[in-house]
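So the structure is just underneath, and the comments pick up after that.
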Amino acid sequence: MSDDFILYPEKILQFGEGNFLRAFVDWQIDILNKETDFNGSVVVVQPRGSDKIARLNNQDGLFTLYLQGLKDGKAVSEHMVINSISRGIHLADHYNQYIELAESKDLRFVISNTTEAGIYFEESDKLDDRPQKSFPGKLAAFLYRRFKAFNGDYQKGCIMIPTELIEGNGTKLKEIILQFASLWNLGDAFVNWICEANTFCNSLVDRIVPGFPKDSVQEITEELGYEDELLVVGEQYHQWVIEGPKWIEKEFPIDKVNLNTFFVEDLNPYRIQKVRILNGAHTAMMPVAHLSGLDTVAEAACDEVVGEFVQELIFDEILPTLDFPQGELRIFANDVLNRFRNPFIKHYLISISMNSISKFKTRNLPALLDYVETKQELPRKMIFALSSLLYFYQGKRNEEVIPLADDTDVLQLFKELWGHVTEGTKTIEQFAKEVLGHEKLWGMNLNHIAGLTGMVAEYLQQLNQKGMKQALETLLKERSIK
Ligand SMILES: NC(=O)c1ccc[n+]([C@@H]2O[C@H](COP(=O)([O-])OP(=O)(O)OC[C@H]3O[C@@H](n4cnc5c(N)ncnc54)[C@H](O)[C@@H]3O)[C@@H](O)[C@H]2O)c1
Ligand SMILES: O=P(O)(O)OC[C@@H](O)[C@@H](O)[C@H](O)[C@H](O)CO
């Protein structure tokens, strides 16, 4: 299959082989290669583990991408073979290939998505590890090798564009690289080279990528006429906002193609808007919809009751917490709701449920706190979502076991706390007080928010006694009476 495809110089090192990067970054590089003189390919390494790299190499880095949803107002479903990945490197078996890539004259960019957990300082990482445990540790060793190979040449720095969904992803990555420089005693000249010759951008990505289409793979395989283990499905919508100097466009000519990717001076407004509205709504709707018996985001957004809940949560309790023109926010929010309703893609609620406690903390808690501060009252729907999430962590939907996915400590804590309630040794009120008081989960003691604990306990009681559907209907009626 590869004979039909062009091989481009390897300009990008990519940390991450996952669905999102392939359906978003590698797709954009493919377009750049086809429509501009970018002429560059991507070398992929798996940031943690290495089991997926063989699959990538077995397919010569090629994979099929389905994009489905509204494009310029029309429903479009299209598929294409993405040819921007040159190879994957298995870090444990072929670390030499990885570290030697640092000496490449062609290499210029480093792009990553290592989830919200990947950009952290791992003190036990050593320069000589093959490989280091953490992503920043691996990158620090790579950059040091490059610095040495080119004798600190300022023309041979790299442009880092991380896409992890955390605030200041590039800034944080740079700080950690400098921490490694200090831990490993790499010297002032290296520190200066990192700061002067390299560019760390912050970036924000947006595209809903449900990933491998497990329900329709047979049908798709028949349509394609070949099997593709790396098949990935995403929506048509995309946005990549990069906070970095405009000169990068000379080397990464994203302005020359019809993509919604652009450079800005301040990413913050884009980040807050997207994280609070889109990701916040995902995290808030997940337990409410799942416990209502629904399985996908589209089912939730189209459901008469759950859909109303999501819409009101966004418009009444999230938008007022954002200090941007409300008209623009409403347009963005309506677009998000339409993206949620996308009938082409099956985005399973359970697949977005992973690490929901920390997601609530970063995506929803800031809106809850801002609402309390500005309105001097409690946002009922957001608190209902929080209560539903706590209820969800009981791990049961009627008789069905919910495959909870979170840190072991978090799962253990909920197991214990719910255990006390089921055994009758603690009341739901005590459960609410204890869980909301866990500063490790929320970064603060939520019992300090006046009235919150009582409201959570009340909603938990309703969920316990009436079930989700009735509790939700009661909540929505409360609003119409008010
Ligand atoms: N799927 C989407 O709709 C979407 C959209 C925008 C952003 N994202 C972000 O992209 C990330 C990956 O999503 P995906 O859909 O590609 O998932 P995926 O499961 O296909 O890929 C996960 C990737 O993260 C790496 N990884 C997992 N845990 C890690 C850790 N602790 N440290 C370092 N690397 C780790 C894996 O090796 C893999 O490369 C998510 O965190 C998500 O926030 C996803
Ligand atoms: O990917 P996660 O699990 O961090 O979050 C789930 C979704 O909120 C997220 O993937 C969105 O679909 C995405 O951020 C849209 O751009």
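The values are calculated or read from the model by the stated rules, or taken from the named source; none is laboratory data. Keep in mind that what you see is a predicted model, and the values were worked out from it rather than measured. With ideal geometry, Cβ positions are generated from the backbone for all residues, glycine too; neighbour counts draw on all protein chains shown. Just the protein is used for accessible areas: all its heavy atoms, side chains included, with ligands, DNA and RNA removed. Shrake-Rupley method; radii C 1.70, N 1.55, O 1.52, S 1.80 Å.
Observations on the structure shown:
- Failed criterion for residue 133 (all others in (1) open to solvent by 40 Å² or more (accessible area, probe 1.4 Å); (2) within 15 Å of ligand 1 (Cβ to nearest atom); (3) part of a helix (DSSP H, G or I); (4) not hydrophobic (A, V, I, L, M, F, W, C) hold): (3)
- Close pairs (7 angstrom Cβ cut-off, 6 or more residues apart or separate chains): more than 15 Å from residue 233 (Cα to Cα) in region 339-361, away from ligand 2 (no atom under 11 Å from the Cβ) and open to solvent by 50 Å² or more (accessible area, probe 1.4 Å) anywhere: 341/302; 349/295; 350/403; 361/443
- Of all residues in region 372-404 being in a loop (DSSP other than H, G, I, E, B) and closer than 16 Å to residue 416 by Cα, the one that is nearest to the chain's Cα centre (by Cα): 404
- All of (1) part of a strand (DSSP E or B); (2) under 30 Å from residue 219 (Cα atoms); (3) open to solvent by 30 Å² or more (accessible area, probe 1.4 Å); (4) more than 16 Å from ligand 2 (Cβ to nearest atom) hold for residue 55 with one exception: (1).
- Which listed residue is modelled with pLDDT of 95 or more, under 18 Å from residue 16 (Cβ atoms) and either surrounded by fewer than 16 Cβ atoms within 10 Å (Cβ to Cβ) or assigned by TED's automatic domain parsing to the domain that holds residue 188 (or both), from 148, 138, 126: 138
- Residue among 88, 61, 69, 49 that alone is of a type in the set (Gly, Ala, Ser), at positive phi and assigned to a strand (DSSP E or B): 69
- Criterion (hydrophobic (A, V, I, L, M, F, W, C) and either in contact with an Asp or Glu (Cβ under 7 Å, 6 or more places away or on another chain) or loosely packed, with under 14 Cβ neighbours inside 10 Å (or both)) met by exactly one of 240, 193, 184, 247: 247
- Scanning region 329-336 turns up at least one residue that is open to solvent by 60 Å² or more (accessible area, probe 1.4 Å), within 14 Å of ligand 2 (Cβ to nearest atom) and under 25 Å from residue 206 (Cα atoms).
- When each of 50, 41, 77, 112 is tested for being modelled with pLDDT under 95 and either among the basic types (Lys, Arg) or in contact with a Phe, Trp or Tyr (Cβ under 7 Å, 6 or more places away or on another chain) (or both), the lone residue that passes is 77.
- Residues of region 29-45 that are within 16 Å of ligand 1 (Cβ to nearest atom) and surrounded by fewer than 23 Cβ atoms within 10 Å (Cβ to Cβ): 43 alone.
- For the criterion of being within 21 Å of residue 256 (Cα to Cα), more than 16 Å from ligand 2 (Cβ to nearest atom) and not aromatic (Phe, Trp, Tyr), residue 83 passes.
- Scanning region 69-99 for residues that are among the aromatic types (Phe, Trp, Tyr) and in contact with a strand residue (DSSP E or B) (Cβ under 6 Å, 6 or more places away or on another chain) yields a single hit, 98.
- Screening 166, 176 for residues that are more than 16 Å from ligand 2 (Cβ to nearest atom), of a type in the set (A, V, I, L, M, F, W, C) and within 25 Å of residue 242 (Cβ to Cβ) leaves exactly one candidate, 176.
- Residue within region 201-218 that is in the same structural domain as residue 106 (by TED's automatic domain parsing), out of contact with any Leu (no Cβ under 8 Å at 6 or more places or on another chain), within 30 Å of residue 476 (Cβ to Cβ) and within 11 Å of ligand 1 (Cβ to nearest atom) present: yes
- Some residue of region 134-157 being free of Cβ contacts under 8 Å to residues at least 60 places away in the same chain, of a type in the set (S, T, N, Q) and within 30 Å of residue 353 (Cβ to Cβ): yes
- For region 10-52, the set of residues classified as without any contact (Cβ under 8 Å) to a residue 60 or more places away in the chain and polar (S, T, N, Q) consists of 33, 39, 41, 46, 50, listed by residue number.
- Hits in region 103-116 (condition: in a loop (DSSP other than H, G, I, E, B) and either closer than 23 Å to residue 203 by Cα or touching a Gly at 6+ places or on another chain (Cβ under 9 Å) (or both)): 106, 107, 108, 113, 114, 115, 116
- Residue 102 being within 16 Å of ligand 1 (Cβ to nearest atom), small (Gly, Ala, Ser) and farther than 10 Å from residue 47 by Cβ: no
- Residues in region 232-267 that are of a type outside the set (Phe, Trp, Tyr) and free of Cβ contacts under 8 Å to residues at least 24 places away in the same chain: 9 in all.
- Condition met for residue 119 (part of a helix (DSSP H, G or I), among the β-branched types (Val, Ile, Thr) and either touching a residue at least 12 places away in the same chain (Cβ under 8 Å) or within 16 Å of ligand 2 (Cβ to nearest atom) (or both)): no
- Across region 446-456, not a single residue is classified as over 16 Å from residue 380 (Cβ atoms) and outside any helix (DSSP H, G or I).
- Hits in region 295-304 - residues which are open to solvent by less than 40 Å² (accessible area, probe 1.4 Å) and assigned to a helix (DSSP H, G or I): 297, 298, 300, 301
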